[in-house]
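The values are calculated or read from the model by the stated rules, or taken from the named source; none is laboratory data. From a predicted model like this one, the values you see are computed outputs, not experimental measurements. Quick reminder, even Gly has a Cβ in these numbers, built from the backbone with ideal geometry, and neighbours come from all protein chains shown. Protein only, heavy atoms only, side chains kept; ligands, DNA and RNA dropped before computing areas. Shrake-Rupley method; radii C 1.70, N 1.55, O 1.52, S 1.80 Å.
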Amino acid sequence: MNRFKKLSCSLALLLSIGSLFGSVSIAETTTPKSFSVLTINVAGLPELLSSGDPATNSQKISPLLNDYDIVNVQEDFNYHSDIIKYVTLPYLTTTSGVAGVGSGLNRMSRFPFTDFIRIKWNKSYGVFDSGSDQLTPKGFDVGRFQLEPGVNVDVYNLHADADTDSGSMEARRDNIRQLKSYIQTYSDGNAVIVMGDTNCRYTRSGDVMEELLAEDNLKDAWVELVRGGSIPADGDALMDTSNRNGPNFEVVDKILYRSNEIVQLQATAYKLEDTKFTDSSGNQLSDHYPVSAKFQYTVSSSVSVSSPFGGSGGLAFNQLAHLPLQSKITKVELSSGSRVDGFRLTFGDGTVLTVGGVSTNGYSALQLAGDEYISQVTAHKGAKNGDDRIFYLQFKTNKGNILSGGTQTSSTATFTAPVGSYIAGFFGKAETELDRIGAIYKKLAS
């Protein structure tokens, strides 16, 4: 899959863009809205193996989860039915399985989510010692959460390799780098929240959390809100229990996030829940205190996306972060046979973005005039090898010119740019053929 360096520019540059087809200021956003998140390791190993008391405490944890909009849980193994017993949040994953079978990662949400994927770590270490991570298939998972129509956030849940011996440290570094690589491809151009038991400390020299922050443009809610943006230096662990919500008490359970051009996320509150998730005697309900955060979000009024259309196969692509700021599509090329293999877009500044494969027929092309833009795209899908693929695609411009190819079917979707907007690019899934497609809309500058 092609990789692109992410575009970065100052707000001043964005505000200065004045070309007809250029991006409009990201300051043009909707009224702020908010939601809350929680991550908790529920210590749900079998009773004899757990460092908590899951047989007693799982049902006590359950009703407390309803106070949050998105909940990630780790070590949710043998007491999953107790953990969800009193949960009223409408969207839940099915259990990943008991210890030895599942990852222990599950989630509950007030928001719907799609494209849920579970991924096993490439490396783990320790069978009956060093965290015993090889006894169950730990890893991470991701789902695309819809905060509202057209406003999506990729939410990751993870449980990294435990312990601090050399084998565990090496495995955990590989875990974080595997997650980093996955975010760079699957979540390219998307807003992201990462929550879970990282088993990492910024103060531990062998851990590499800083790589995840730097290369995926993620912010740590604790570092941002409690430490004023200062990442702790390598050295002694920060374990000042006199104030567990202070800058000198770091936990391995973390909440990271980033925005994109459509949805601007801002963490407004962070809390280590050291009093709420306790029993009547003040004892923890798990061997980890949960971590929560509140987010405020605003939605751009100048950039939006359609719903996607098609199947679930192929590799994810998103052109949002790669669209030239000051130039439009000048040429569309489509490759198709009985189905759509792929397409290629050329922009006025010379940028070329390619999606999918190329058939033996090569490309057919549509050259756009200086004042012409794509205003509508129609897609048809059909079944192939047990899943849907895009069988037919038609590009239509504001001047009525059309480029099309493939085989029409009875299942169709049409993406029409809103009044005053144009289709600036696309997202979806593709590999050697086009599996899924959606449109990215941008406003025409006045």
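Structure notes:
- Taken over region 260-294, residues that are within 23 Å of the chain's Cα centre (by Cα) and among the charged types (D, E, K, R) amount to 3.
- Pair list, Cβ under 7 Å, 6 or more apart: region 352-381 residue at pLDDT below 95, other residue outside any strand (DSSP E or B) and surrounded by fewer than 16 Cβ atoms within 10 Å (Cβ to Cβ): SER359/GLY337; ASN361/GLY337
- Scan of region 351-384 for residues that are over 23 Å from PRO418 (Cβ atoms), open to solvent by less than 50 Å² (accessible area, probe 1.4 Å) and outside any strand (DSSP E or B), ordered by number: THR351, GLY357, SER359, GLY362
Yes or no, residue by residue, for (1) assigned by the TED database to the domain that holds ILE193; (2) open to solvent by 40 Å² or more (accessible area, probe 1.4 Å); (3) in contact (Cβ under 8 Å) with a residue 60 or more places away in the chain:
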| position | (1), (2), (3) |
| --- | --- |
| ARG110 | yes, yes, yes |
| LYS120 | yes, yes, no |
| GLY126 | yes, no, no |
| THR136 | yes, no, no |
| ASP141 | yes, no, no |
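- Residue check for SER181: farther than 24 Å from VAL73 by Cα and loosely packed, with under 15 Cβ neighbours inside 10 Å: no
- Meets criteria (free of Cβ contacts under 8 Å to residues at least 12 places away in the same chain and assigned by the TED database to the domain that holds ASP115) for SER166: yes
- Within region 392-415, restricting attention to residues that are assigned to a strand (DSSP E or B), in contact with a Leu (Cβ under 9 Å, 6 or more places away or on another chain) and in contact (Cβ under 8 Å) with a residue 24 or more places away in the chain, the residue that is most open to solvent (accessible area, probe 1.4 Å) is ILE402.
- Test result for ASN217, surrounded by fewer than 21 Cβ atoms within 10 Å (Cβ to Cβ), part of a loop (DSSP other than H, G, I, E, B), modelled with pLDDT under 95 and not β-branched (Val, Ile, Thr): yes
- Members of region 238-296 that are assigned to a strand (DSSP E or B), open to solvent by 40 Å² or more (accessible area, probe 1.4 Å) and among the β-branched types (Val, Ile, Thr): THR268
- Within region 49-82, the set of residues being among the charged types (D, E, K, R), more than 22 Å from the chain's Cα centre (by Cα) and either within 26 Å of ASN152 (Cα to Cα) or in a helix (DSSP H, G or I) (or both) comprises LYS60, ASP67, ASP82.
- Residues satisfying the stated conditions in region 416-436, i.e. assigned to a strand (DSSP E or B) and not hydroxyl-bearing (Ser, Thr, Tyr): ILE423, ALA424, GLY425, PHE426, PHE427, GLY428, LYS429, ALA430, LEU434, ASP435, ARG436
- Of all residues in region 186-214, those satisfying the criterion of being of a type outside the set (Asp, Glu), open to solvent by 10 Å² or more (accessible area, probe 1.4 Å) and farther than 17 Å from GLU261 by Cα are ASN199, ARG201, ARG204, SER205, GLY206, VAL208, LEU213, ALA214.
- Residue check, PHE128 in a loop (DSSP other than H, G, I, E, B) and out of contact with any Cys (no Cβ under 8 Å at 6 or more places or on another chain): yes
- Some residue of region 55-68 being modelled with pLDDT under 95 and aliphatic (A, V, I, L, M): yes
- All positions within region 143-178 that are within 17 Å of LEU320 (Cβ to Cβ) and either of a type in the set (Ser, Thr, Tyr) or open to solvent by 40 Å² or more (accessible area, probe 1.4 Å) (or both): ARG144, GLN146, PRO149, ASN152
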